[in-house]
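See structure below.
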Amino acid sequence: MTRNLVERGKTSSSSNGKKTSLSGALCYEVAVKAVYMLTAFRCSQDTERQSSRIPPASDADWEVPRPLEADTTKTAPDIRWRDLPNKDQLFILALCRLSEPLSNVCLLPYIFYLVRSLLSVSEDDNSTDNSAARISEYSGLLVAAFPLAQCVISLPWGRLSDTHGRRFSIIGGLFISVIANVGFGLSRSFEALFFWRIIAGLANGNVSIMRTVTAEVVRERKYQTKAFLLLPLVFNSGMVLSLALGGCLAEPVVNLPALFGPSGIFNSSGYPDGVKWALEYPYALPALLNAFLLGTSLCLAVLGLKETLPGKEEQSDWGLQFGKVIGRLAMRLWNRGSAYHKYTMMQDSEESTFLNHSQPSLEKTEPSVVTTESAKVPFRSIWTRRVISALVSFGLLPLHNSAFMHIFPVYLSSPPAENTEATFFAFSGGLGLRSATIGIWLAAFGIGGILLQLFIYPLLQKRIGTRGVFRIALFLFPVTYIAAPYLSLLAGDGDVRWVFLGFIVCAQIMARTMAIPSTVILLTEATPARTVLGTIHGAGNMLASLARAVGPAVGGYVFALGVEKGVIGLVWWLYLVGVALCALAWSYLTEGGSG
């Protein structure tokens, strides 16, 4: 076509003179541009049709971008929380998701004082090793035990859920978590605490299954951005609750004297120093309350959580049947004023779960972004370059974030130093804050993270995509870590110290809040088939758990080394900043996919 246009232009030029030649050349250029525009338009249509399909699980399709993010973000602002399908299942799933933050994070505000009390009991009074450095090493091991156990069990949990069902895995994990929290609260030696932390970690290796269930419960693209925010949102809420409970309920005789002190309400025996069991087990109350809350979630899961494994959605057991009975009884009591309403509500309850009878069933929703074929994908075909890239990002984030979550409370609890001969890099000491103050501070700014996740994250994701939001978070992390240790130089400066502390906590929580849901979405997008979602997220959880174990252990060791050398910033600048920069670089080295 282009050659014909050229020939026509030449003929017109030779026969009609100068004016006609100019006109012919102009027409030629217009025609060529039209051809190029038409060709580009048809190519773009072909690309859209091809990219709308799910790429097969092969490395050859690594460079093909998938349009999930663009499709999702266009409709995300129009989707409200109340528009989500299967809200009853999402509600139960959200309560189950509280297990990990309650079991894992609750001890952080008081871990410095817990380990110090154990060392003072187990060693001679004349020992000089009971220092901030030694406490940091012990607390790092204690924190690392939980994610280390998660790492060992995560992939088996995922494979078990892919073969035997999601419901069994979630309920079993909750049951063990309840027992582990009770055991942890009543332990009085470091060895016992370490053991129960391992048991709790084994119980919470099913976190990836909850992410999988979210993708299986909410299968329409337009709802998925909102739904994928739910579990990180609940995780942040659980962290806020857990940090507040841990900080305020530890040592209740000291922190809550009106309830547990000598004249407290619960001191019915009149013990002169306060409630006797609270004195014998000063750090038991947070763990026991966690066990109660998780027990409530366990009951709701037994009664109402449906199976979502493809091929087993119709399965039911005594728990679900009993839940339907309770639902029918509740509906009868609620509508007993009208016989007609009784009948209609009974009819509805037969086809629904006991918490929200008006929601559509799981089987009637539209297909997910990932394929819904029941055929199994070969295990070796799962690990495409796209999946591996998402898994590495998934693991690098907790490698530094978990270390921060351990180091920062220990740093804030450490006694301040004089720093009379401090230089720009050589200074030491912490802030000497109490556990209640640390817990309230971290919890208060955690609420800000929840609001950010609810209102700001969807807008940012709509404008710049998931990968763009993720990179903003990755830029914030190293800035926060570079600035954090300089709090030591402001230990006695009153208001300035609190303002700077607020900046550090706010920046880290903001970065974490944007990064966590982004990694989950990117990993889910990379999954080659719906039937292997449990395996992919199990592998991701295993890698993240390993990172959460290595992070606090290495971070605690480097922190202790920095305390001994008089350089409190060593762990911040050498370890945390280094890992954060690696994560940032990786996000640019492995460009691919949407966003």
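The values are calculated or read from the model by the stated rules, or taken from the named source; none is laboratory data. For clarity, every value in this text was computed on a predicted model and none was experimentally measured. In this analysis, Cβ positions are derived from the backbone assuming ideal geometry, glycine residues included, and neighbour counts consider all displayed protein chains.
Could you tell me whether the range 268-279 includes any residue that is in contact with a Gly (Cβ under 7 Å, 6 or more places away or on another chain), over 25 Å from Leu102 (Cβ atoms), assigned by TED's automatic domain parsing to the domain that holds Leu118 and not in a helix (DSSP H, G or I)?
yes
Just checking, does the range 503-514 include any residue being closer than 30 Å to Thr308 by Cβ, of a type outside the set (Val, Ile, Thr) and within 18 Å of the chain's Cα centre (by Cα)?
Yes, because at least one residue in the range 503-514 is closer than 30 Å to Thr308 by Cβ, of a type outside the set (Val, Ile, Thr) and within 18 Å of the chain's Cα centre (by Cα).
Return the only residue of Gly185, Gly205 being out of contact with any Lys or Arg (no Cβ under 6 Å at 6 or more places or on another chain), under 18 Å from Leu98 (Cβ atoms) and at pLDDT 90 or above. First the steps, then the outcome.
Values: Gly205 fails: at pLDDT 90 or above.
Going through Gly185, Gly205 in turn, just one is out of contact with any Lys or Arg (no Cβ under 6 Å at 6 or more places or on another chain), under 18 Å from Leu98 (Cβ atoms) and at pLDDT 90 or above: Gly185.
What is the residue count in the range 412-433 for residues that are assigned to a helix (DSSP H, G or I) and hydrophobic (A, V, I, L, M, F, W, C)?
Residues meeting the conditions: 1.
Conditions (1) farther than 30 Å from Glu421 by Cα; (2) of a type in the set (A, V, I, L, M, F, W, C); (3) out of contact with any Gly (no Cβ under 6 Å at 6 or more places or on another chain); (4) surrounded by 19 or more Cβ atoms within 10 Å (Cβ to Cβ), marked per residue:
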site: Gly448; (1), (2), (3), (4): yes, no, yes, no
site: Leu459; (1), (2), (3), (4): yes, yes, yes, no
site: Thr466; (1), (2), (3), (4): yes, no, no, yes
site: Phe470; (1), (2), (3), (4): yes, yes, yes, yes
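Pull up the range 287-338, narrow it to residues that are surrounded by 16 or more Cβ atoms within 10 Å (Cβ to Cβ) and of a type in the set (S, T, N, Q), then point me to the one that is nearest to Leu193 (Cα to Cα).
The extreme case among them is Asn290.
What helices (runs of 4 or more DSSP H) completely inside the range 80-124 contain at least 3 residues that are within 22 Å of Leu249 (Cβ to Cβ)?
99-105, 111-122
Return yes or no: is Leu487 farther than 25 Å from Leu391 by Cα and crowded, with 18+ Cβ neighbours inside 10 Å?
yes
Quick check: is even one residue across the range 364-375 modelled with pLDDT of 50 or more and more than 23 Å from the chain's Cα centre (by Cα)? Let's see the steps before the verdict.
We begin by selecting, within the range 364-375, every residue modelled with pLDDT of 50 or more; these are 375.
With more than 23 Å from the chain's Cα centre (by Cα) added as a condition, the list becomes 375.
Within the range 364-375, one or more residues are modelled with pLDDT of 50 or more and more than 23 Å from the chain's Cα centre (by Cα).
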